[in-house]
Each structure stands twice: as structure tokens, then as C-alpha cells.
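Read-outs: derived from the displayed coordinates by stated rules, not from any lab. These figures come from a predicted structure and were not determined experimentally. Note that we place each Cβ from the backbone using ideal geometry, even for glycine, and neighbour counts take in every protein chain shown.
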Amino acid sequence: MTLQTPLCDALGIERPIVQAPIGSATNPQLAAAVSNAGGLGHLAVTWRDLEETRRVIRRTRERTDNPFAVNLALDDATTILETDDHLEVILDEGVDAVSFSFGSAREYVDRVHEAGAIVFQTVGSATAAREAVTAGVDIVVTQGIEAGGHVQSEVATTVLVPRVADAVGDEVPIVAAGGIGDGRAIAAVLGLGADGAWLGTRFVATEEAAVHDDYQRLLCESDETDTALTTLFDKGWPGMPHRVLENETTERWKRAGEPPTGERPGESEVVATTDAGEPIERYDEALATSDVDGDIEEMALFAGQSVGLTDDVQPAEAVLEELVAEAREAMSQLPKWRE
């Protein structure tokens, strides 16, 4: 049974599976491994400077001849550089696709197309999807509220995908994100009208991801009920909702009566440091990368509700193979997909 969809045709990939741009967890090893396995790998570069952005793109290209994408978050609070400058470097390096999140891609669509690349935009409503397609976006990503990390939607994936499918029809491929952790969920979103699936939490728990072992261990030990959608970890991106594993930091804040920023317990405590000696304070939105040392369990441990389906750490290629096998098995049980 084939899993070829319009998303595969648009991108030139074999499998309709996209590794989400999971912040600092992304690196050339992970993006290339996903792309080499037939999916679409992703680099997140919003928090990287121009030299580092160019370097990770080139190192990814050294590892794969297949398409991969680069993501930019458009919310002003996230950026360390002008989006125009970042985009110039990305396009100069000849990337295959650019994904935009937390804002409209409208003003960048023509530049990306002129460079011969494909434009993704993440949306949280059918209205936003319609506006994105009108602006010339090639592929829309529907992020449901179940998603891990920073979240720009208030709607569940199972509602959002068919709403967006109704809004844009067959004009562009749709990629579903949020709460997708295994092949059964991939089969489900394909049935809802999506052309592919966008997975973040599952790819954080891969051998290639640039995250701390303790973070991965906690992902594998956690259930679907162990996450919280909050704005608590706001040092670095204030006001943006995010889904994390509940931990001692979230529990201490609740016990204190959920006080506002500036009055929270341990507000200025340093809970960890980077390899370069940079402090990470409680309530920082910093990711628990592999070079961090300290109380990892006290940090922002980004995870979606699909964490309950994440039981082990595997190579990214093995994850792709498992997802495809599970999706095919699930679809074979449905009469419309049987061959």
C-alpha cells in the first residue's frame, strides 16, 4: 500500500511525514536523517545567527541530496535578527522549502518563489488557512492545540484539519500537526483530509536530536495526561502559549497560587547552565539541549499530548520506518484503503 499523497508530489519526497522544526533540538544530523529516510527534515534557525544558519544548512546538504526545509518564526518576540536578513541567507543557500510560523508569510512568498523554493505556513484556523492560500502559500500546516512547544491554535487537530480541508479544498496540500505520535494518528489525519503529518515530540526522542538524555528519558516515561498548556516559561518569548511536561517548576507555581510574572517562586533562580557557561533561569523558555548541565527536570520540557505514544529513543530512520508501517496497517483496516 502506497502512502504517496499530493504533499509527496509537491516536495519530491517518498513519505508524507514532516519532522517539525523543534527549535534547538534540530541539527543537520536529524534533518538529514529524516530526509534520507524519505520524509522531510527541518531546521529551525530563528534563534541562530546568520553564520550559524548558513553553517547548519550547508552541513545538512552535505548529508543528504533529498529535500529539507528551514523554519522561521515571525513573532517579533522570537527574533534575534531581521527576518529579511535570515531569509536572504536561507535562500542564498538554495534550500528546498521555507516554513513560516507565528505570523503571515504574505510578504515573503514572492521572494521564496523567485528563489525556486516552496512556502509552508502554519495556521490555527480555517480563516488563516484561506488567507495563506490567497497570499500564495504552497502548503498549509494546521497546528492543533495538542501540539508541544509553542502553540498558535485553540482548536483540536480533529476539528481543525477538516475545517481547513473544507476551506482550501484541493488548492494546496495540507499537513496536520498536533497530537500525532504514531502511524495510527497519521492514518487518522489523512482520513480527515490532510495530505501529510507533522511530528515534533516523536522526533525529539531520536538519537540524532540535540537534546539532553534526561529530557528524552522524561518524554519516554510520561503519559498523555502529563502535559500542561501554559504561558509560564516566558523568559525569552513572553505571552506565547506553550505545552510542556508538568514538573516541579509548574507545581511550585500552582502551590503558590499561580502568581504573575515577577512574583513567582524562584523567579531568578539559575536551574542550569549551557556549555558556554550561560545561566538558564527558572521560567526560561530555553530548550534542554545536550550541552546543558543542571536540574534538567526543572526546565521547560516541551512536549505534546502525543508524548504518551513516545516510549523509546530510536534513530530517526527507524522512527520513519515504524510510522509508515503503522500507518499502512491502520489504513489496511479501513475498507476505502484496502487494495
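Under a Cβ-Cβ cut-off of 9 Å, what is the net charge of the residues other than A10 that fall near it, where Lys and Arg count +1 and Asp and Glu count -1?
Numbers: positive: none; negative: D9, D138, D195.
Residues near A10 contribute -3 overall.
Given labels modelled 7 Å from the Cα in the Cβ direction, how far is it in nm from T231 to T134?
Label at T231, label at T134, 2.8 nm between them.
Quote the charge dipole size of region 68-150 about the Cα centre in Debye, to the nearest 20; the model charges only the Cβ of Lys and Arg (+1) and of Asp and Glu (-1). Before the final figure, lay out the partial values.
Working: 3 positive and 15 negative charges, 87 e Å.
Magnitude of the dipole: close to 420 debye.
For the chain, return all DSSP H helices satisfying: extent of Cα atoms along own axis at least 15 Å; mean Kyte-Doolittle hydropathy at least 0.0.
157-168, 316-332
Rounding to the nearest 20 debye, state how big the charge dipole of the chain is about its Cα centre with +1 on each Lys and Arg Cβ and -1 on each Asp and Glu Cβ. Numbers along the way, then the final one.
Numbers: 25 positive and 62 negative charges, 201 e Å.
So the magnitude is around 960 debye.
Springs between alpha-carbon atoms under 10 Å, Gaussian network over the chain: tell me which of G178, G23, G239 tops the mean-square fluctuations.
Fluctuation is largest for G239.
Work out how much length A77 to E321 would gain on full extension: take 0.36 nm times their residue separation and subtract the Cα-Cα distance, in nm to one decimal. Mind dumping the intermediate values first?
Numbers: separation 244, 0.36 × 244 = 87.84 nm, distance 3.71 nm.
Here the segment from A77 to E321 would lengthen by 84.1 nm.
What does the charge dipole of region 213-307 about its Cα centre add up to, to the nearest 20 debye, if the Cβ of each Lys and Arg holds +1 and the Cβ of each Asp and Glu holds -1?
Taking the Cα centre of region 213-307 as origin, the dipole is about 400 debye.
Only Cα pairs within less than 10 Å get springs; with that Gaussian network setup on the chain, which residue of S125, S268, S306 has the largest fluctuation?
Of S125, S268, S306, the most mobile in the Gaussian network model is S268.
Once you have the Cα-Cα distance between E263 and D110, take 0.36 nm times their residue separation minus that, and quote the gain in nm to one decimal.
Details: separation 153, 0.36 × 153 = 55.08 nm, distance 4.56 nm.
Using 0.36 nm per residue and subtracting the Cα-Cα distance, I get 50.5 nm.
List the residues of region 222-237 whose backbone N lies under 20 Å from a point placed 7 Å from the Cα of T158 along the Cα-to-Cβ direction.
Residues passing the 20 Å test: 223-229.
Provide the net charge surrounding P28, with neighbours chosen by a C-beta distance below 10 Å and charges set as Lys +1, Arg +1, Asp -1, Glu -1.
Working: positive: R55, R58, R59, R61, R63; negative: E62, E208.
My count for the surroundings of P28 gives +3.
Can you tell me the length gained on complete extension of the stretch E88 to A276, counting 0.36 nm per residue apart and subtracting the Cα distance? It would help to have the intermediate numbers written out before the result.
Working: separation 188, 0.36 × 188 = 67.68 nm, distance 2.85 nm.
That pair, E88 and A276, stretches by 64.8 nm at full extension.
If you add up the charges near I180, with Lys and Arg at +1 and Asp and Glu at -1, over every other residue whose beta carbon is less than 13 angstrom from its beta carbon, what do you get?
Values: positive: R184, R202; negative: E146, D182, E224, E326.
Computed value for this residue: -2.
At q = 0.16, 0.22 Å⁻¹, what is the log10 ratio I(q)/I(0) for region 213-307, with the Debye formula run over Cα points and no solvent?
-0.62, -1.18
If the viscosity is 1.567 mPa s and the temperature 4 °C, what Stokes-Einstein diffusion coefficient in µm²/s follows for region 1-95 when Rh is the Kirkwood radius over Cα pairs? Kindly include the intermediate steps, with their values, before the conclusion.
Working: Rh = 13.6 Å.
Approximately 95 µm²/s, per Stokes-Einstein.
Distance between the C-alpha centers of region 124-160 and region 21-87? Whole Å please.
For region 124-160 versus region 21-87, the Cα centre distance is 21 Å.
Taking the chain as a Gaussian network, Cα atoms linked when under 10 Å apart, which of T26, T274, T206 shows the biggest mean-square fluctuation?
Looking only at T26, T274, T206, the largest GNM fluctuation is found for T274.
Tell me what the chain gives for mean residue ellipticity at 222 nm when only DSSP H runs of n ≥ 4 count, each as -39,500 (n - 2.57), the sum divided by the residue total, rounded to 500 deg cm²/dmol. Don't skip to the end; give the middle numbers.
Working: 12 runs with 114 residues, N = 339.
The per-residue figure over the chain is -9500 deg cm²/dmol.
Could you tell me which of I139, V151, G169 has its Cα farthest along the dipole of region 98-225 towards the positive end, charges placed at Cβ (Lys, Arg +1; Asp, Glu -1), taken about the Cα centre?
Ranked along the dipole, the leading option is G169.
At R0 = 25 Å, how high is the FRET efficiency between T127 and Q333 if r is their beta carbon distance? Nearest 0.05 is fine. Don't jump to the answer; show the numbers that get you there.
On the way: r = 35 Å, r/R0 = 1.38.
The value I calculate is 0.15.
Show the residues, 5+ positions off or on another chain, whose built amide H is closer than 5 Å to the amide H of T289.
H212
Quick check for you: which residues of region 186-205 have the amide N under 19 Å from the point 7 Å beyond the Cα of E221 toward its beta carbon?
202, 204-205
If you find the alpha carbon centre of region 284-339 and of region 199-220, how far apart are they in angstrom?
8
If each Cα of the chain is one equal point scatterer, what is log10 of I(q)/I(0) from the Debye formula at q = 0.10, 0.13, 0.15 Å⁻¹?
Here log10 of I(q) over I(0) equals -0.54, -0.95, -1.28.
Count neighbours as other Cβ atoms within 10 Å of each site's Cβ, and list the GluC sites (Glu not before Pro) in region 19-94 that are DSSP loop with at most 13 such neighbours. Working shown, then result.
Values: sites: E51, E52, E62, E82, E88, E93; in loops: E82, E93.
Answer by residue number: E82.
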